[in-house]
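Asker: I'd like to ask you about the structure that follows.
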Amino acid sequence: MDKRVCIKCGIEYPLQEKYFAYAHGSTTRYLTKCRECVREYQEEYRIRKQEEEVGGGMYEIKEIPEATKKRKIVNALNYIHLQAFGEQLMEDIYWCKTDDCVQITESICGACDKPMEKIGFIDYNEDNK
């Protein structure tokens with residue numbers, strides 16, 4: 001009878017399904033960790049994940065950096081304009097930080113009447129068409 005040593009605990013067990021689970025999608029290959037070590041790891045993982053959760057099973061939402069947010073807004077607007085009109089957007093893009101809204105060519109926010117920050121200008125070179 002074949003035997004296998006668990007790589008986690010170092011105990012030698014008979015190579016049977018009772019001690020080692022099958023590898024994913026296989027009916028002939030066994031995992032290298034015994035069932036007991038796998039169970040311990042899964043329990044630790046579950047506890048660690050529960051500690052990371054914030055209120056009501058929700059994970060903490062990380063704040064997106066402002067530069068990343070601006071870049072994504074510019075890319076999204078350009079994509080929408082390209083899909084709608086079949087051409088690249090060639091105008092100034094403004095973003096209001098307080099309302100988190102975006103406008104094209106208007107530098108004053110329509111919601112709060114504050115000046116908006118210019119976050120980009122989509123320029124398209126005709127030679128690269």
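The values are calculated or read from the model by the stated rules, or taken from the named source; none is laboratory data. Because the structure is a prediction, the values reported are computed rather than measured. We place every Cβ from the backbone using ideal geometry, glycine too, and count neighbours over all the protein chains shown.
Asker: Quick test for you: out of 127, 92, 113, pick the one residue that is loosely packed, with under 12 Cβ neighbours inside 10 Å and at pLDDT below 80.
Answerer: Values: 92 fails: loosely packed, with under 12 Cβ neighbours inside 10 Å; 113 fails: at pLDDT below 80.
When all the criteria are applied, what remains is 127.
Asker: Here are some residues: 10, 25, 57. Which one is loosely packed, with under 10 Cβ neighbours inside 10 Å and at pLDDT below 85?
Answerer: After ruling out the rest, the residue left standing is 57.
Asker: With the requirement that a residue be of a type in the set (A, V, I, L, M) and surrounded by 11 or more Cβ atoms within 10 Å (Cβ to Cβ), what does the range 63-84 give you?
Answerer: Correct list: 73, 74, 76, 77, 80, 82.
Asker: Any chance the range 33-51 includes a residue that's out of contact with any helix residue (DSSP H, G or I) (no Cβ under 6 Å at 6 or more places or on another chain), in a loop (DSSP other than H, G, I, E, B) and modelled with pLDDT under 90?
Answerer: No, the range 33-51 contains no residue that is out of contact with any helix residue (DSSP H, G or I) (no Cβ under 6 Å at 6 or more places or on another chain), in a loop (DSSP other than H, G, I, E, B) and modelled with pLDDT under 90.
Asker: What pairs come out if I take residues in the range 102-114 that are closer than 17 Å to residue 69 by Cβ and pair them with residues that are among the small types (Gly, Ala, Ser) and surrounded by fewer than 12 Cβ atoms within 10 Å (Cβ to Cβ) whose C-beta lies under 9 Å away, six or more apart or interchain?
Answerer: Within 9 Å, the pairs are 102/76; 103/110.
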